[in-house]
Amino acid sequence: MLYTHDVFTIVGLLAGLLLYFRELRRNGMLGWPIFWIAVAAVLGGGVGARLITAWEHIDYYRLLHAVPLTYAVEHSGKSIIGGIAGGYVAIVLAKRAFGYTRSTGDAYAFAIPVGVAIGRVGCFLSELPLGTPTDLPWGVSVDPDATANFARCPGCGGPMHPSMLYEIVFNLVALALMARFRHRLIAQGDLLKAYLLSAAAFRFLVEYVRANEIQALGLTGPQIVLLPLVGLLALFFVRRWRSGIYRMPEPRALPERSVDHMPAKPARGGGVS
């Protein structure tokens, strides 16, 4: 059985892969090694999405012998953050196995936000709570019968922040900005890293209205994971900037034209000989 969330996840994954291979073809990088590297990325993303939240859903994994596998997988937690991290690790390992040295990060730069935006539609339609309670005019309320299917649904008694919609809007804006300014990042792989930095920072802030449980130091689980990621990516770009890679070269000064070398103007005629 496929649930709404699963359908949009699959559609988002397929859309992302199509954009990824389109970008590879545009850059003349298609081939069997890159195909298997992409397969590894998908598998690694699936494993990472589960592992990063496994400690919160131990009881569901204990039921593997008693319930259908699809049920356990559907209810055992998953995270986009873990999916991206797992996919990245799988790509690194697969590249080493194939001896592949070309940078492919920027080929994912458009694929990831498209896949995430589509997947978040499924989250919005099938997950509760949508976010923390809000008095803002765009707060979303749900039918009380829908909340009965969720063991934990704080804030579901009134309007909630549509946090998934916030992420969809962010990813659409990120796509537009990358399409407009991608030429500014001349180093291969920096376009993807710039997206990941902005997405991680945005998700950290959105966590304050997502209604996830506080884990430690007043932070949710995703925020704790995102802190080192944001720090490492920010440090990467600081080092890039200091190295001068993003600075425009100084314009070359044109040689001054000497008056002595300027051609003399022809004398005007009109005199009587």
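The values are calculated or read from the model by the stated rules, or taken from the named source; none is laboratory data. Owing to the predicted nature of the structure, the values given are computational and were not obtained by experimental measurement. Note that each Cβ is placed from the backbone with ideal geometry, even for glycine, and that neighbours are counted across all protein chains shown.
Numerical summary
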read-out	value
Residues being within 21 Å of the chain's Cα centre (by Cα) and modelled with pLDDT of 60 or more - total across the range 36-78	18
From the options LEU18, LEU24, residue that is of a type outside the set (Ser, Thr, Tyr), exposed (fewer than 14 other Cβ atoms within 10 Å of the Cβ) and under 21 Å from the mean Cα position of the chain (by Cα)	LEU18
Matching option when the condition is crowded, with 19+ Cβ neighbours inside 10 Å and either modelled with pLDDT under 90 or touching a Ser or Thr at 6+ places or on another chain (Cβ under 8 Å) (or both), among LEU219, LEU185	LEU185
When residues of the range 97-117 are limited to those that are under 20 Å from the mean Cα position of the chain (by Cα) and not in a helix (DSSP H, G or I), the one surrounded by the most Cβ atoms within 10 Å (Cβ to Cβ)	ALA109
Test result for ARG120, more than 13 Å from the chain's Cα centre (by Cα) and either part of a helix (DSSP H, G or I) or over 21 Å from GLY45 (Cβ atoms) (or both)	no
Hits in the range 171-218 - residues which are among the polar types (S, T, N, Q) and more than 18 Å from GLY115 (Cβ to Cβ)	GLN188, ASN212, GLN215
Subset of the range 78-96 (residues that are part of a helix (DSSP H, G or I), under 21 Å from PHE204 (Cβ atoms) and not aliphatic (A, V, I, L, M))	GLY82, GLY83, GLY86, GLY87, TYR88
The range 19-38, residues that are assigned to a helix (DSSP H, G or I) and touching a residue at least 40 places away in the same chain (Cβ under 8 Å)	LEU19, TYR20, GLU23, LEU24, PRO33, ILE34, TRP36, ILE37
Residues that are surrounded by 19 or more Cβ atoms within 10 Å (Cβ to Cβ) and of a type in the set (A, V, I, L, M), drawn from the range 162-182	MET164, ILE168, ALA174, MET178
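Residues checked against (1) at pLDDT 90 or above; (2) farther than 30 Å from MET160 by Cβ; (3) touching a helix residue (DSSP H, G or I) at 6+ places or on another chain (Cβ under 6 Å); (4) hydrophobic (A, V, I, L, M, F, W, C):
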residue: ALA200; (1), (2), (3), (4): yes, no, yes, yes
residue: GLN215; (1), (2), (3), (4): no, no, yes, no
residue: GLN223; (1), (2), (3), (4): no, no, yes, no
residue: LEU229; (1), (2), (3), (4): no, no, yes, yes
residue: ARG247; (1), (2), (3), (4): no, yes, no, no
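Residue by residue, here is whether (1) in contact (Cβ under 8 Å) with a residue 12 or more places away in the chain; (2) farther than 30 Å from LEU19 by Cβ holds:
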site: GLU127; (1), (2): yes, no
site: CYS153; (1), (2): yes, yes
site: PRO159; (1), (2): yes, yes
site: VAL169; (1), (2): no, no
site: LEU177; (1), (2): no, no
